[in-house]
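The values are calculated or read from the model by the stated rules, or taken from the named source; none is laboratory data. All figures in this text were calculated on a predicted structure; none of them were measured in a lab. Cβ coordinates were reconstructed from backbone atoms using ideal geometry, including for glycine residues, and neighbour counts include every protein chain displayed.
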Amino acid sequence: MSSPGISPSAFPDSKNHYDILDGLRGVAAVMVVIFHLFEASATSHLDQIINHGYLAVDFFYVLSGFVIGYAYDDRWEKMTLKSFFKRRLIRLHPMVVMGMIVGAIGFYFSASGYWPGISQVPVWKMLLVMLIGCTLLPVPLSMDIRGWHEMHPLNGPGWSLFYEYIANILYALFVRKFSTKVLSVLVFIAGAVLIHFTVTNTTGDIVGGWSLEPAQIRIGFTRMMYPFFAGLLLSRVSKLTHIKHAFLLCSIMVIFILAMPRIGGAEHLWMNGLYEAVCIIFLFPLIVYLGASGQMKGKYTSAISRFLGNISYPIYITHYPFIYIYTAWVADNKIPLSKALPVGLLVLLFCMALAYAFLKLYDEPLRKWLGKRFVVKK
């Protein structure tokens with residue numbers, strides 16, 4: 001087993017990070033951006049390039065559960081619920097707020113035939129949605145200002161953080177007290193629910209979770225429960241070993257899984273659902289295990305992994321407002337994929353650069369100040 005790598009933290013008593021897992025989170029986050037860029041030119045998920053990019057969310061949940069277990073499971077004798085929630089809010093929430101602000105700034109730039117109602121939305125209503133979004137509380141369907149029924153119309157990916165918060169709350173209040181056997185039962189039941197949904201869903205995939213509609217809420221909980229708590233279980237029972245070239249191996253696996261073309265087509269939807277269930281239930285925990293067991297070697301490999309890990313969360317939570325604008329441009333002007341690709345590449349590079357700027361100029365300094373102000377004892 002390799003030692004976790006050193007990573008900046010807002011709290012001096014924080015455990016070191018698994019640097020390979022941070023890097024893999026970055027690989028998946030960049031794949032999400034690429035997936036969303038190609039989505040603007042797709043007619044459906046049947047012909048989508050980087051077809052399974054949405055599974056990155058489920059991979060993030062496995063990572064989160066594993067890291068939460070590693071970071072906090074053995075600290076509850078000295079840590080209160082209040083301290084845990086403050087630490088998680090300080091870690092996650094500054095970029096939630098920034099994501100909503102970026103979404104508000106870009107909102108009217110995405111006005112188009114694709115979203116014809118945007119131009120009619122008064123500024124006060126947009127700002128109200130932004131303020132609610134900064135709390136991560138979902139807005140009701142009556143306040144949908146875009147037309148996609150999103151719980152966060154200014155920054156769609158906020159839905160996954162909403163369920164991440166729920167997972168953290170469930171962990172802190174109840175699941176942390178579960179024995180390994182009880183946690184295993186919970187994971188088994190959640191896995192069975194996940195398999196049933198993926199192979200019976202009429203769309204043949206696990207896409208969804210971003211709306212307050214009952215069907216979408218079901219998808220959100222189904223996507224969160226198994227991967228998060230499977231990651232937690234993995235952190236408790238796994239005996240890590242030594243894996244050579246783990247970052248390269250695991251990165252290839254993540255890219256391959258997320259880029260896999262649609263399986264089964266429109267005639268055999270269950271086949272694609274089964275593929276997604278296998279990825280979430282078996283392959284993602286395996287990748288996390290391999291990544292946690294690996295050792296980062298090589299100057300350039302370490303630098304790439306560190307950079308991707310640093311921007312992983314900022315790019316995920318701030319890129320989508322630019323996807324709205326890019327999608328509107330492609331749709332309004334009927335831009336073919338061949339001509340949209342250069343612009344899409346520029347959007348990707350811009351989102352990566354902006355994420356790094358947000359990290360260094362806003363997120364890290366603010367988290368450090370908040371950590372000293374509200375968590376670290378004088």
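Say we look at the stretch 247-267 and pick out the residues that are of a type in the set (G, A, S) and at pLDDT below 95; which of these is farthest from Y18 (Cα to Cα)? Walk me through how you get there before you give the answer.
Here is the first cut: in the stretch 247-267, the residues of a type in the set (G, A, S) are 251, 259, 264-266.
Keeping just the survivors that are at pLDDT below 95 gives 264-266.
Values: G264: 37, G265: 38, A266: 40 Å.
The residue in question is A266.
List the pairs whose first member sits in the stretch 276-302 and is within 15 Å of I255 (Cα to Cα), whose second member is buried (at least 20 other Cβ atoms within 10 Å of the Cβ) and of a type in the set (S, T, N, Q), and whose Cβ atoms are under 7 Å apart, counting only residues at least 6 apart or on separate chains?
Within 7 Å, the pairs are E276/T198.
Quick check on my filter: what residues within the stretch 97-114 are part of a helix (DSSP H, G or I) and not polar (S, T, N, Q)?
Step one: list which residues in the stretch 97-114 are part of a helix (DSSP H, G or I), which gives 97-106, 108-110.
Result: V97, M98, G99, M100, I101, V102, G103, A104, I105, G106, Y108, F109.
For F307, are the conditions met, namely being closer than 22 Å to L92 by Cα, of a type outside the set (S, T, N, Q) and surrounded by fewer than 21 Cβ atoms within 10 Å (Cβ to Cβ)? Show your work before the answer.
On the way: closer than 22 Å to L92 by Cα: yes; of a type outside the set (S, T, N, Q): yes; surrounded by fewer than 21 Cβ atoms within 10 Å (Cβ to Cβ): yes.
Yes, satisfied.
Given A56, A111, which one is of a type in the set (G, A, S), surrounded by 13 or more Cβ atoms within 10 Å (Cβ to Cβ) and over 30 Å from L269 (Cβ atoms)?
Working: A56 fails: over 30 Å from L269 (Cβ atoms).
Every option except A111 fails the conditions.
State which residue pairs qualify: first residue closer than 14 Å to F162 by Cα and inside the stretch 84-107, second residue hydrophobic (A, V, I, L, M, F, W, C) and not in a helix (DSSP H, G or I) in any location, beta carbons under 6 Å apart, and separation of 6 or more residues or different chains.
V96/L136; M100/L154
Taking the condition of being among the acidic types (D, E) and closer than 22 Å to S305 by Cβ, how many residues in the stretch 322-378 meet it? Spell out the reasoning first.
At the first step, the residues of the stretch 322-378 found to be among the acidic types (D, E) are 332, 363-364.
Next cut, closer than 22 Å to S305 by Cβ only: 363-364.
Residues in the stretch 322-378 being among the acidic types (D, E) and closer than 22 Å to S305 by Cβ: 2 in total.
Which of the residues belonging to the stretch 119-143 are closer than 16 Å to I217 by Cα and at pLDDT 95 or above? Spell out how you get there, then give the answer.
Step one: filter the stretch 119-143 for residues closer than 16 Å to I217 by Cα, giving 136-141.
L136, L137, P138, V139 - these are the residues of the stretch 119-143 that are closer than 16 Å to I217 by Cα and at pLDDT 95 or above.
When only residues in the stretch 206-218 that are crowded, with 19+ Cβ neighbours inside 10 Å and of a type outside the set (S, T, N, Q) count, which is farthest from D58 (Cα to Cα)? Walk me through how you get there before you give the answer.
Narrowing the stretch 206-218 to residues crowded, with 19+ Cβ neighbours inside 10 Å: 206, 208-211.
Next cut, of a type outside the set (S, T, N, Q) only: 206, 208-210.
Details: I206: 10, G208: 11, G209: 11, W210: 14 Å.
Ranking the qualifying residues of the stretch 206-218, first place goes to W210.
Between a first residue in the stretch 234-252 that is within 15 Å of P285 (Cβ to Cβ) and a second residue that is aliphatic (A, V, I, L, M) and in a loop (DSSP other than H, G, I, E, B), which pairs have beta carbons less than 6 Å apart while being 6 or more apart in sequence or on different chains?
As it stands, the answer is L240/M1, since those pairs meet every condition given.
Assess whether P342 counts as being in a helix (DSSP H, G or I) and under 30 Å from I49 (Cα atoms).
On the way: in a helix (DSSP H, G or I): yes; under 30 Å from I49 (Cα atoms): yes.
Yes.
Only one residue in E276, E364 is closer than 22 Å to L24 by Cα, in contact with a helix residue (DSSP H, G or I) (Cβ under 6 Å, 6 or more places away or on another chain), at pLDDT 95 or above and among the charged types (D, E, K, R), so which one is that?
Working: E364 fails: in contact with a helix residue (DSSP H, G or I) (Cβ under 6 Å, 6 or more places away or on another chain).
The unique qualifying residue is E276.
Can you find a residue that is outside any helix (DSSP H, G or I) and modelled with pLDDT of 90 or more anywhere in the stretch 19-37? Explain how you work it out, then say what you get.
First, pick out the residues of the stretch 19-37 that are outside any helix (DSSP H, G or I): none.
Within the stretch 19-37, none of the residues are outside any helix (DSSP H, G or I) and modelled with pLDDT of 90 or more.
Considering only residues of the stretch 185-229 that are within 21 Å of P140 (Cα to Cα) and in a loop (DSSP other than H, G, I, E, B), which is farthest from the chain's Cα centre (by Cα)?
By that ranking, first place goes to E213.
Could you count how many residues in the stretch 149-172 are assigned to a loop (DSSP other than H, G, I, E, B), at negative phi and in contact (Cβ under 8 Å) with a residue 60 or more places away in the chain? Give the steps one after another, and end with the answer.
Of the stretch 149-172, the ones assigned to a loop (DSSP other than H, G, I, E, B) are 149-157.
Still in the list and also at negative phi: 150-157.
Narrowing the set further to residues that are in contact (Cβ under 8 Å) with a residue 60 or more places away in the chain leaves 150-151, 154-157.
Matching residues across the stretch 149-172 total 6.
Among the residues of the stretch 173-184, what is the count of those that are part of a helix (DSSP H, G or I), of a type outside the set (D, E, K, R) and under 14 Å from T80 (Cα atoms)?
Of the stretch 173-184, the ones part of a helix (DSSP H, G or I) are 173, 175-177, 180-184.
With of a type outside the set (D, E, K, R) added as a condition, the list becomes 173, 175, 180, 182-184.
Filter once more, so that each one left must be under 14 Å from T80 (Cα atoms): 173.
So the count comes out to 1.
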